[in-house]
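Written out below as structure tokens is the structure these notes cover.
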Amino acid sequence: MSDNGILVVTEDDCKQLMDSSSAFDAVRDIFGRMASGEARNFPVVREAIGHADALYGFKSGFDKSSMTLGVKGGGYWPGNMEKGLTNHQSTVCLFDPDTGRLSALVGGNYLTAIRTAAASAVSIATLSRENSKVLGMIGAGHQAGFQLRAAVEQRGFEKVVAWNFHPEYLPNLGKVAEEVGLPFEAVEIEEVCAEADVIITITSSFAPLLMNHWIRQGTHIACMGTDTRGKQEVDSKLVASAKVFTDEIDQSTSIGETQHAFGEGLITKEQITPLGEVINGTHPGRTHDEDITLFDSTGVGLQDLAVAGVAARKAMVAGNAQTVQIG
Ligand code: NAD
């Protein structure tokens, strides 16, 4: 990344340098390269460390076409909020693929938020009906606002309807809708399903929230919250009856939303399509207006590396990031 040392790209640098459209392009392109085999994620490590209730882990991979090699390290520290810090903490290390030298350290917190928002936005751009008018939000935590902002850039949404397990969080999401100029209604969860053309689920639920029989034909659902064994946002029968797309099939069936339908024998890996195949034009994606499409995102290391690589390149061009030497 830098011939003169290790580039340090701070959280503030990332906020200044990365916008949602750069994140969208980076995530769309990396999904395509994962599907064509040019880029590969390596096995994820995720462990409870037995201290501070923390979950700690690594996501890594290599994208040969952009020569991006690296790892995102970090995890979830539930007590951080009381210390004035975000509970999710991460940092991306980028390495020179020719030598293995550390080339950049990039703050991963903001990038995680925008790469996750970009993933649902890419799924909406790729799979939802072009005439989608109502966006349904299930969840109103830290990520929800990011998902909403990125989603509304993809379709001509005219309204947002939302439900959250903790209704007291909904006004904050309402403010985001207001900022992007859309009317916002907090409604019952069945009503989200009855009204929305596109639904984003972004909760930490461990039990199904969306039931199969509530979903209208033609709906696109981006399931973003389930990224761990045991979590679940969607009825497994809904997964079984939808056309299912994902970032990475093995992660999807082990820690993603399809883990339940897969475990119950309602869906096979062959019935799940990498979203990148639709991006590359090797799979048709949605073929009828009536199709229910479902994107299962677990979040892959290459997504993090893709946005970190862009942030590092932008920082080099802007010339304002520090470099340090470690010999
Ligand atoms: P957060 O803690 O800020 O918000 C959690 C949300 O889940 C809130 O809306 C909360 O009201 C809701 N919730 C809590 N308990 C619930 C329950 N029992 N039933 C239903 N809803 C419940 O978290 P966040 O940062 O907004 O992340 C939300 C989810 O997305 C988490 O599960 C996180 O692990 C996941 N996530 C996924 C990716 C990805 O790449 N797919 C990336 C980041 C976060």
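The values are calculated or read from the model by the stated rules, or taken from the named source; none is laboratory data. Values in this document were obtained by computation on a predicted structure and should not be read as measured data. When we count neighbours, we look across all protein chains shown, and the Cβ atoms used for this are built from the backbone with ideal geometry, even at glycine. Heavy atoms of the whole protein, side chains included, go into the accessibility calculation; ligands, DNA and RNA do not. Shrake-Rupley method; radii C 1.70, N 1.55, O 1.52, S 1.80 Å.
Values computed for the structure shown
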read-out: Residue within segment 307-318 that is assigned to a loop (DSSP other than H, G, I, E, B) and buried (at least 17 other Cβ atoms within 10 Å of the Cβ) present; value: no
read-out: Which numbered condition residue 116 misses (of (1) open to solvent by less than 20 Å² (accessible area, probe 1.4 Å); (2) assigned to a strand (DSSP E or B); (3) within 15 Å of the ligand (Cβ to nearest atom); (4) in contact with a Gly (Cβ under 7 Å, 6 or more places away or on another chain)); value: (2)
read-out: Within segment 168-181, considering residues that are under 23 Å from residue 209 (Cα atoms) and small (Gly, Ala, Ser), the one nearest to the ligand (Cβ to nearest atom); value: 174
read-out: Long-range neighbours under 6 Å by Cβ, at least six apart or interchain, first residue farther than 19 Å from residue 114 by Cβ and within 9 Å of the ligand (Cβ to nearest atom) within segment 153-167, second outside any loop (DSSP other than H, G, I, E, B) and open to solvent by less than 20 Å² (accessible area, probe 1.4 Å); value: 164/170
read-out: Failed item, numbered, when residue 77 is tested on (1) closer than 22 Å to residue 254 by Cα; (2) touching a residue at least 12 places away in the same chain (Cβ under 8 Å); value: (1)
read-out: Selection from segment 134-151 of residues that are crowded, with 20+ Cβ neighbours inside 10 Å and in a loop (DSSP other than H, G, I, E, B); value: 139, 140, 143
read-out: Strands (runs of 3 or more DSSP E) fully within segment 18-63 counting 1 or more residues that are under 24 Å from residue 317 (Cα atoms); value: 55-63
read-out: Only one of 103, 65 that is in contact with a strand residue (DSSP E or B) (Cβ under 8 Å, 6 or more places away or on another chain), away from the ligand (no atom under 16 Å from the Cβ) and under 28 Å from residue 151 (Cβ atoms); value: 65
read-out: Test set (1) open to solvent by 50 Å² or more (accessible area, probe 1.4 Å); (2) without any contact (Cβ under 8 Å) to a residue 24 or more places away in the chain - residue 325 fails condition number; value: (2)
read-out: Residue match in segment 76-85 (condition: more than 14 Å from the ligand (Cβ to nearest atom), part of a strand (DSSP E or B) and over 19 Å from residue 33 (Cα atoms)); value: no
read-out: Answer residue from segment 86-100, given it is more than 16 Å from the ligand (Cβ to nearest atom) and not in a loop (DSSP other than H, G, I, E, B) and is least open to solvent (accessible area, probe 1.4 Å) among those; value: 94
read-out: Segment 188-210: number of residues that are over 14 Å from residue 165 (Cα atoms) and either free of Cβ contacts under 8 Å to residues at least 24 places away in the same chain or open to solvent by 30 Å² or more (accessible area, probe 1.4 Å) (or both); value: 3
read-out: Matching residues in segment 7-33 - criterion: being farther than 14 Å from residue 126 by Cα, in contact with a Gly (Cβ under 6 Å, 6 or more places away or on another chain) and open to solvent by less than 30 Å² (accessible area, probe 1.4 Å); value: 14
read-out: Answer from 231, 237 - the residue that is over 14 Å from the mean Cα position of the chain (by Cα) and more than 15 Å from the ligand (Cβ to nearest atom); value: 237
